[in-house]
């Protein structure tokens, strides 16, 4: 087996295990077992559990960025593109709310480089708004993008047990674009 394949298997297993449990409840042996390698092999690639966690988190965030970039360019309307972006974010974090806190902590500890991913997501939303001539100038688009992503964060943390990401993304973007009162009317008309 190629070295990169084994490393990727370990990272994939780590992303899954860290998504299931809090950092302090994860044992490196859990990741090794899930990856089908020995615990020592994990340590050959990642000297500490922190290194393993950081690499798994960065890999996951790179994947979500690719999906967001695709969503930003795919929608024929602003509403479709924004819904698709929000849906990528919601699906990633829906059952992993704790990752939001971990990412914020990671950004605070790792400075500018770590914040670039979040800024790329904000820029993707800004680009959709600009392409569809929404939200005025650059500073208004930036604030609007941050607002939309803040709404997504609130939905991740506060959704009801029966809510589904697809429906929440649709409601959230409708509220963002049309306001609270108009979004309700638009949704009743769509039903």
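Just so it is clear, none of the values below were taken in a lab; they were calculated from the coordinates. These numbers were taken from a predicted model, which means no experiment stands behind them. Cβ: placed from backbone, ideal geometry, glycine included. Neighbour counts: every protein chain shown.
Scaling the Cα radius of gyration of region 62-190 by the globular reference 2.2 N^0.38 Å produces a ratio of 1.04. Normalised by residue count, region 42-110 yields a Cα convex hull volume of 101 Å³ per residue.
Structure remark: mean-square fluctuation, Gaussian network model of the chain, C-alpha springs under 10 Å; the largest value among 56, 160, 71 belongs to 160. The simple spin-label model puts a point 7 Å past each Cα toward its Cβ; for residue 94 and residue 43 those points are separated by 3.9 nm.
In the calculated pair distance distribution of region 15-66, what percentage of Cα-Cα distances lie above 16 Å? Across region 15-66, Cα pairs with separations above 16 Å total 38 percent. For the chain, the longest principal axis of the alpha carbon atoms and the long axis of helix 180-190 meet at an angle near 90°. Across the chain, Cα pairs under 8 Å and at least six residues apart give a relative contact order of 18 percent. Here region 160-175 and region 65-113 have alpha carbon centers that stand 15 Å from each other.
Helix content alone sets the calculated 222 nm mean residue ellipticity of the chain: runs of n ≥ 4 DSSP H residues at -39500 (n - 2.57) each, divided across all residues, give -27500 deg cm²/dmol.
Result for the chain in a Gaussian network model with C-alpha springs under 10 Å: among 142, 132, 53, the largest mean-square fluctuation is at 132. The angle between the Cα long axis of helix 138-158 and the longest principal axis of the Cα atoms of the chain comes to about 60 degrees, rounded to the nearest 10. Given R0 = 35 Å, the distance between the Cβ atoms of residue 167 and residue 66 translates into a calculated FRET efficiency of 0.90. Against the main long axis of the alpha-carbon atoms of the chain, helix 165-178 sits at an angle near 40°. Taken along its principal axes, the alpha carbon cloud of region 1-134 reaches lengths of 54, 32, 25 Å, longest axis first. For the chain, modelled as a GNM whose springs connect Cα atoms under 10 angstrom apart, the maximal fluctuation among 146, 169, 138 occurs at 138.
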